[in-house]
Each structure stands twice: as C-alpha cells, then as structure tokens.
1. Kindly indicate whether Thr34 is more than 28 Å from Ile2 (Cα to Cα) and modelled with pLDDT of 95 or more.
2. How many of the residues in segment 32-49 are of a type outside the set (Val, Ile, Thr) and open to solvent by less than 60 Å² (accessible area, probe 1.4 Å)?
3. Kindly provide the set of residues from segment 1-31 that are of a type outside the set (Val, Ile, Thr), open to solvent by 100 Å² or more (accessible area, probe 1.4 Å) and in a helix (DSSP H, G or I), ordered by number.
4. When you check Thr46 against the structure, is it under 14 Å from the mean Cα position of the chain (by Cα) and in a helix (DSSP H, G or I), yes or no?
Amino acid sequence: AIYRVLRKLEQNGNVKSEWKPGGAGPAKRIYRLTAAGEAHLEEWATVLENLSKSMKRFTREARALGRGSS
C-alpha cells in the first residue's frame, strides 16, 4: 500500500524518486520530498494540529457533561 501512495505523491509532484544502485544487492528506489511536497506536508501538519485541538476540546466538554449528569 505504501508504494501506491508514493507513486500517487510522485504523480502529484510531492515527491521525486530515483533508482540507486545496490552494490551487492538489487537497486533501491529512493524518494525525496519536493518543495511542493514540503508545503503539502506543512499544510497537513496544520490540519492535524487543528483536529487534535478540536478533539481535546470535545473530550473535555464530553467529560464535563458526563460529570454533570451524575
């Protein structure tokens, strides 16, 4: 599943890949974030941070309601 995601990220311009010779073993594909990928990652970090804050607020309020109905 991870390689499907990496291929999609590459198609969208968020990562670039290249083959690196493996010496004694097979060649390996190396992935690197592009500038667009770094910006996309930063956006998602902000989204997840906001979601985390919302979930903390929700659980705090839900607990307060639960204590009030006892």
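The values are calculated or read from the model by the stated rules, or taken from the named source; none is laboratory data. These numbers were taken from a predicted model, which means no experiment stands behind them. Surface areas here come from the heavy atoms of the whole protein model, side chains and all, with no ligands, DNA or RNA. Shrake-Rupley method; radii C 1.70, N 1.55, O 1.52, S 1.80 Å.
1. no
2. 4
3. The answer is Tyr3, Arg4, Arg7, Lys8, Gln11.
4. Yes: the conditions hold for Thr46.
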